[in-house]
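Student: Before we start, here is the structure in question, set down as structure tokens.
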Amino acid sequence: MPKKILVLAHVDETGNALPKAAYEVLGAATELARKLDWSFLVGLIGTDLRVAADTIADCGAKRILCVSGPDFVAPRFASDAAAAESLCRAADAELILAPGTSRFQRALPALAHRLSGRVDTHVNSLAATDGAVSATRWFYRQRIEGQIQRDERPWILLLDAGCYEAWRGAGGQATVEQVAVTLPEAARRTTVSGIRSPKSDAQTIRPEAELLFVAGAGWTKKQADGRTHPEDAEKLILEFLSASKASLGGSKSLVDQSGENQAVLGFMTHLNQVGQTGATPRHPKGLSTCCHGEEPHVVGWRFVNERRAINLDANCGWARGKADVVYVADAFEVMKEVNALLVAREAKLVAATD
């Protein structure tokens, strides 16, 4: 009997489209299935899945299975685990690949228990050698790389976003097989009463942004006039984020200052921390400002493709081989000019469309 791979995915907040991470997992599955000469299936969870299924109609999946209905619109552990279990039992696949979203991170470990299988999270690459599958992930905040192989099946693998090229196809009209799931009343006790999100101008973490802007502790230190200018730093950084739609990161030394009675940037939190037990972003480009660039900080940048830095010290750790381009200049002055250029460009675009 031929072996199979199942790709699990759920629709995004709009309710009818798959997130980018789902297409990345689909790209990984098509590549792995080709190497192993296995077939693969797709299992979708959501409400109205026709639009989502049609976008992947020509992906090469042997079957597209769906669990749909109002009970599966919002993230909820009980309903998501039940839906995923039904899809997996209908597919009877040895390998189950899924995007490492917060929704699946909660539900799929329980799925592995229900199926008497195994689960691994934060996977960043898959390999096939002589029919054996191995998964790679980072440990200790991307300092140690480990390769995992397991004999237990099914093996559930949650892939981190940004590690595989997203699958792209023309789409079409998909043939969808509905899988029935009967939820007990106990599984409906949790309800979503609403969603609270920050205003767009207050949102500083943007995983899909083209540029990651990282602020270092130098923004809050004494400047050439012997005084600190945290208010000016906040204004410059927020103006840049608003104009460029970049995502904001911060070095550990900067985000830790809030507990050290030092001048801080009011919008900076530990959620913005990059490197040294902080996040490891995967943006196409990165701009580091007022950073020293020690190795723990650089660890957080390993997946950024193009790295640039602004620093008055040409011999800092960041400048010596860790950044692609270093601007030896005052970050305050540079960002003033950059913001002015961005405003001028926006004015030209507005004038051109009028």
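Read the figures in this text as sums done on the coordinates, not as results from a lab. Note that the structure is a prediction, hence the values are computed from the model and not measured. Every residue, glycine among them, receives a Cβ derived from its backbone with ideal geometry; neighbour counts consider all protein chains shown.
Student: If the chain between D313 and R196 were fully stretched, how many nm would it gain, using 0.36 nm times the residue separation less the Cα-Cα distance?
Tutor: 37.9 nm
Student: Kirkwood hydrodynamic radius (Cα pairs, Å) of the chain? Could you put the intermediate results ahead of the total?
Tutor: On the way: mean 1/r = 0.0443 Å⁻¹.
It works out to 22.6 Å.
Student: May I ask you to order 83-90, 35-42 by the average number of other C-beta atoms within 10 Å around their residues, highest value first?
Tutor: My ranking of the peptides, most packed first, is 83-90, 35-42.
Student: Also, I was wondering about something else. Mind ranking 159-166, 115-122, 61-68 by how tightly packed they are, going by the mean number of other C-beta atoms within 10 angstrom, highest first?
Tutor: Per-residue Cβ counts within 10 Å, averaged per peptide and sorted highest first, yield 61-68, 159-166, 115-122.
Student: How fast does the range 112-234 diffuse by Stokes-Einstein, in µm²/s, taking the Kirkwood radius from C-alpha pairs at 25 °C and 0.890 mPa s?
Tutor: D = 117 µm²/s.
Student: Looking at this model, which pairs from K235/K322; K35/K322; K222/K285; K20/K221; K245/K322 are more than 31 angstrom apart at the alpha-carbon?
Tutor: Exceeds cut-off: K35/K322; K20/K221.
Student: Hey, what do the phi angles of the range 330-345 turn into as Karplus ³J(HN,Hα) couplings, whole Hz, using 6.51/-1.76/1.60 and θ = phi - 60°, x for Gly and Pro?
Tutor: For the range 330-345, the Karplus curve yields 7, 4, 4, 5, 4, 5, 4, 5, 4, 4, 5, 5, 5, 5, 5, 5 Hz.
Student: Taking the Cα centre as origin and putting +1 on Lys and Arg beta-carbons and -1 on Asp and Glu beta-carbons, what dipole magnitude results for the chain, to the nearest 20 debye?
Tutor: I would put it at about 520 debye.
Student: Starting from the Cα-Cα distance between A17 and R189, subtract it from 0.36 nm times their residue separation and give me the gain in nm to one decimal. Don't skip to the answer; put the middle values down first.
Tutor: Numbers: separation 172, 0.36 × 172 = 61.92 nm, distance 2.60 nm.
Taking A17 through R189 to full extension adds about 59.3 nm, to one decimal.
Student: Can you give me the distance in nm between label points at L271 and N305, each placed 7 Å from the Cα along the Cα-to-Cβ direction?
Tutor: Reported label-point gap for L271 and N305 is 2.7 nm.
Student: Right, something else. Sort F72, F303 by Cβ crowding within 10 Å, fewest neighbours at the top.
Tutor: Going from sparsest to densest Cβ surroundings: F303, F72.
Student: State the antiparallel share, in %, of DSSP beta bridges confined to the chain, rounding to the nearest 5.
Tutor: Values: 11 of 57 bridges.
Bridges in the chain that DSSP calls antiparallel: roughly 20 percent.
Student: Residues with beta-carbon under 15 Å from that of Q105, excluding Q105: net charge, scoring Lys, Arg +1 and Asp, Glu -1?
Tutor: Surrounding charge for Q105 is +1.
Student: Quick one: dipole size for the range 211-353, taken about the Cα centre, charges +1 on Lys/Arg Cβ and -1 on Asp/Glu Cβ, in debye to the nearest 20. It would help to have the intermediate numbers written out before the result.
Tutor: Numbers: 16 positive and 16 negative charges, 91 e Å.
The dipole of the range 211-353 has a size of about 440 debye.
Student: Sticking with this one: Given a cut-off of under 8 Å on Cα pairs at least six residues apart, what relative contact order in percent is computed for the range 211-353?
Tutor: 23
Student: Okay, moving on. If you plug each phi of the range 147-153 into the Karplus form 6.51 cos²θ - 1.76 cosθ + 1.60 with θ = phi - 60°, what whole-Hz ³J(HN,Hα) values come out, in order, with x for Gly and Pro?
Tutor: 10, 10, 10, 9, 8, 5, 9
Student: Below 12 angstrom from the Cβ of E31, what's the summed charge of the other residues (Lys, Arg +1; Asp, Glu -1)?
Tutor: 0
Student: I've got another one for you. Starting from the alpha-carbon convex hull of the range 4-188, give the projected area averaged over all orientations, in nm².
Tutor: 10.1
Student: Separate question: Dividing the Cα convex hull volume of the range 82-129 by residue count, how many Å³ per residue is that?
Tutor: 86
Student: Counting each DSSP H run of 4 or more residues in the chain as -39500 (n - 2.57), what helix-only mean residue ellipticity at 222 nm follows after dividing by all residues, to the nearest 500 deg cm²/dmol?
Tutor: After summing the helix terms and dividing by residue count, I get -8500 deg cm²/dmol.
Student: If you count the DSSP beta bridges with both ends in the range 4-188, what percent of them are antiparallel, to the nearest 5?
Tutor: Numbers: 11 of 38 bridges.
Around 30 percent of the beta bridges assigned by DSSP in the range 4-188 are antiparallel ones.
Student: Can you list residues from other chains, or at least 5 along the same chain, whose modelled amide H is less than 5 Å from the amide H of L287?
Tutor: Here the answer is L212, F213, V214, R308, since their amide H atoms fall under 5 Å of that of L287.
Student: Remind me, relative contact order of the range 4-188 in percent, using alpha carbon pairs under 8 angstrom and six or more residues apart?
Tutor: Reported as a whole number, the value is 30 percent.
Student: Next question, about the same structure. Run the Debye formula on the Cα coordinates of the range 211-353, all scatterers equal and no solvent, and tell me log10 I(q)/I(0) at q = 0.15, 0.17 1/Å.
Tutor: At q = 0.15, 0.17 Å⁻¹ the computed log10 ratios are -0.72, -0.92.
Student: Please state the charge dipole magnitude for the range 4-188, taken about the Cα centre, from unit charges on C-beta atoms (+1 on K and R, -1 on D and E), reported in debye and rounded to the nearest 20.
Tutor: Using Cβ point charges on Lys, Arg, Asp and Glu, the range 4-188 gives about 280 debye.
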